[in-house]
Amino acid sequence: MQAITTALTATMGGLLLALAIILPVAGVLLSFVLGGRAAERIALYLMPAGLGVAAMIALGVWRSGAPLVYLLGGWPPPLGIALRADGFSAVMLLTTALVILCAGLFARANFPTPAGVNEARAPFAFWILLQGLWAALNMVFLGGDLFNLYVALELLTFAAVPLVCLDGRAETLLAALRYLVFALFGSVLYLLGAALLYGAYGTLDIGLLSSRISASPAVWAAAALMTTGLLAKTALFPLHLWLPPAHANAPAAASAILSALVVKASFFITVRLWFDVLPSLPVETPAAILATLGSLAILFGSVLALRQERLKLLIAYSTVAQIGYLFLMFPLAAGLHPWTADAWSGGVLQTLSHAFAKAAMFLAAGLVAETLGHDRISGLRGLGKVMPMSVFVLGLGGLSLMGLPPSGGFTAKWLLLMASVRSGQWPWAIVMLAGGLLAGGYVYRVLAPAFASADLSLKAPAPRNRERIALALALCAILLGFAPSGFFAFLQIGRPALTAIP
Amino acid sequence: MNTASLAGITGALLVGLGLFGLVTNPRPLRKLLAFNLLGSGVFLLFGVLARRGAAAGIAADPVPQAMVITGIVVAFSATALAVALLLRLFEETGRSTLRADPPSKAAGDGSGA
């Protein structure tokens, strides 16, 4: 009972959680009122401020060693809605703020409001959607109520889908429509599951649900419906068909955010569902099913990435594969075993390092496409000479995807690998190693022609400043490989397995 | 059979019909209609839940109704967005199917569907 009563009261610094959502929402509203040129400025001013708020939330969680809680309007659940930030939320908020800031700075060159007019359609839409996306992501990472999370997911979809088709080409419209159909399918299943849970327990607050829940047919049906819905949004194999065209056809800055953050949001809710709401249930079988789908995603995604002709499609299929790794966390981090803390850290670290590495790679690929006028892999011969920094970024990102040291991807996969060996679940270890080899294969396919000696004709001069932005993100992915042990302790804050009554 | 179970069964039927349509129909407009059918089924189930709350002594539990209102707004926005995309697609290509994909994509996706 102790855990429940503490979860119901707001903590110091809880107002910061509301601020993390208010800031981008205020940005959206102000941008609507003030128009196109101001929208860009508002977004770019708000992003560092949002980064500051995320950092203060992380500091608050670190100092108190417990999740921050804020009760909207002072109403405690089940009637009110709680916002909650634990270690996982805090690092996701920080990553989101960093990636969005970098993508925003990068996009200034792609979405300027032309001189002489007050507002142009594409830039206006882009800057508003970017802030809307950011607000929705923060809502997902802070939400403590399953219905609130549904609304956040929908806001996320409504901001993400138009970003895919900003240029209005038929190809991108098709990709966006396909994405929307999958997303709507996912959200309505999620809502149905939430309805069943509400019907059974009369609340959708995560903390209250976890203390009331018991294994009944209604709960299993709800869990299955919600998980399937979330998987459609996370693009886990075999529900991944929408992802490669959508992510590969979007503008570079949008691709970076979609691949790095948007698919992680629904993954985050899946983690909340299985580790925070349902941990007291016997979850071995569903966890094994999730990890099997993850394994298939790793193998299929990597093999399809190997067969792509275009750089952006290759990177998008690599996202399908890397999402698979995230789901290996479920059987390894469930329950109370000596290895679960490491598996949890590994899963979270994989989420973060993939976000940075993939954002960096998509930005670099966007620059390559702008500079060469195409992104065919066969036409990349000699790229290393003209765009050394972009090739370096693709290499650093690739390092993390393959899981080679020193990189966040290495530490993450190492932790997951050790957990699977220690728990005796060796099939996941084999899949991880095979996935690393295949990743090596598709990264090599990009790097080998880039280092060949050939002369490339450029359409535009290589933009060094924007290459530096991509490089900064790639370095974040590498730096995560040097994370001190205190960082892993931080990730455990608020992890339910530690507070649960055995 | 009382009204609550009748509404519940109708909701379940709508959900089933909607799911079937969403999965089997290749045309996006029909998929959209199926999505709305499915959504209505879910909202009806929420209504039944509110009614069940009333049966348990809570005078007409208002929370499911609040959720339904939110859900309807969300479904409406989703439908509007999808229709806008469809119209734009029709203007660009004169077609309104998801099947006629550019060949580069169809080759990569052949294995899964």
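The values are calculated or read from the model by the stated rules, or taken from the named source; none is laboratory data. Small disclaimer: the values here were computed from a predicted structure and weren't measured. Virtual Cβ from ideal backbone geometry, glycine too; neighbours counted across all protein chains shown. Heavy atoms of the whole protein, side chains included, go into the accessibility calculation; ligands, DNA and RNA do not. Shrake-Rupley method; radii C 1.70, N 1.55, O 1.52, S 1.80 Å.
Key figures for this structure:
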{"quantity": "The stretch A:66-138-the stretch A:282-330 distance, computed between alpha-carbon centres (Å)", "calculated": "27"}
{"quantity": "Most to least packed among A:68-78, A:177-187, B:83-93 [average Cβ atoms within 10 Å]", "calculated": "A:177-187, A:68-78, B:83-93"}
{"quantity": "Overall dimensions of the protein assembly as shown by Cα: Rg and Dmax, Å", "calculated": "23.3, 79"}
{"quantity": "Computed accessible area, residue A:205, all protein chains, 1.4 angstrom probe, square angstrom", "calculated": "10"}
{"quantity": "Relative contact order computed over the stretch A:282-502 (Cα-Cα under 8 Å; 6+ residues apart), in percent", "calculated": "28"}
{"quantity": "Per-residue SASA entry for residue A:119, accessible area with 1.4 Å probe, Å² rounded to 10", "calculated": "100"}
{"quantity": "Solvent-accessible area, 1.4 Å probe, carbon plus sulfur percent, for the protein assembly as shown", "calculated": "70"}
{"quantity": "Per-residue HN-Hα couplings for the stretch A:77-91 [Karplus 6.51, -1.76, 1.60; θ = phi - 60°; Hz; x = Gly/Pro]", "calculated": "x, x, 6, x, 10, 9, 9, 9, 10, 9, x, 4, 4, 4, 5"}
{"quantity": "Solvent-accessible area per residue for the stretch A:282-502 (1.4 angstrom probe, square angstrom)", "calculated": "37"}
{"quantity": "Mean separation of Cα contacts under 8 Å (6+ apart) over length of chain A, as relative contact order %", "calculated": "15"}
{"quantity": "Top positive-direction residue, dipole computed over the stretch B:3-98 with Cβ charges, set B:19, B:44, B:69", "calculated": "B:19"}
{"quantity": "Mean separation of Cα contacts under 8 Å (6+ apart) over length of the stretch B:3-98, as relative contact order %", "calculated": "28"}
{"quantity": "Average accessible area per residue (Å²) across the stretch A:232-278 - probe 1.4 Å, nucleic acids and ligands excluded", "calculated": "8"}
{"quantity": "Where the stretch B:3-98 is the region considered: accessible area per residue in Å², 1.4 Å probe", "calculated": "52"}
{"quantity": "Viscosity 1.002 mPa s, 20 °C: Kirkwood-radius Stokes-Einstein D of the stretch A:295-428 over Cα pairs, µm²/s", "calculated": "138"}
{"quantity": "Amide proton proximity set for residue A:145, modelled H, under 5 Å, gap of 5+", "calculated": "A:206"}
{"quantity": "Chain-alone versus full-assembly comparison, the stretch B:79-97, residues with accessible loss of at least 30 Å² (1.4 Å probe)", "calculated": "B:81, B:85, B:88, B:89, B:92"}
{"quantity": "Anisotropy class of the stretch B:3-98 from Cα gyration tensor, a/c 1.5 cut", "calculated": "oblate"}
{"quantity": "Alpha carbon convex hull of the stretch A:394-502, volume per residue in cubic angstrom", "calculated": "142"}
{"quantity": "Unit charges at the beta carbon, dipole of the stretch A:282-502: most positive-side option, A:335, A:446, A:290", "calculated": "A:446"}
{"quantity": "Accessible area buried, both sides summed, chains A and B with 1.4 Å probe, Å²", "calculated": "3500"}
{"quantity": "Rounded tilt (10° steps) of A:340-372 against the dominant C-alpha axis of chain A", "calculated": "20"}
{"quantity": "Heavy-atom accessible area ranking, 1.4 Å probe, most first, across A:358, A:385, B:31", "calculated": "A:385, B:31, A:358"}
{"quantity": "Set A:312/A:413; A:233/A:312; A:385/A:413; A:233/A:413 screened for pairs whose C-alpha atoms are more than 27 Å apart", "calculated": "A:385/A:413"}
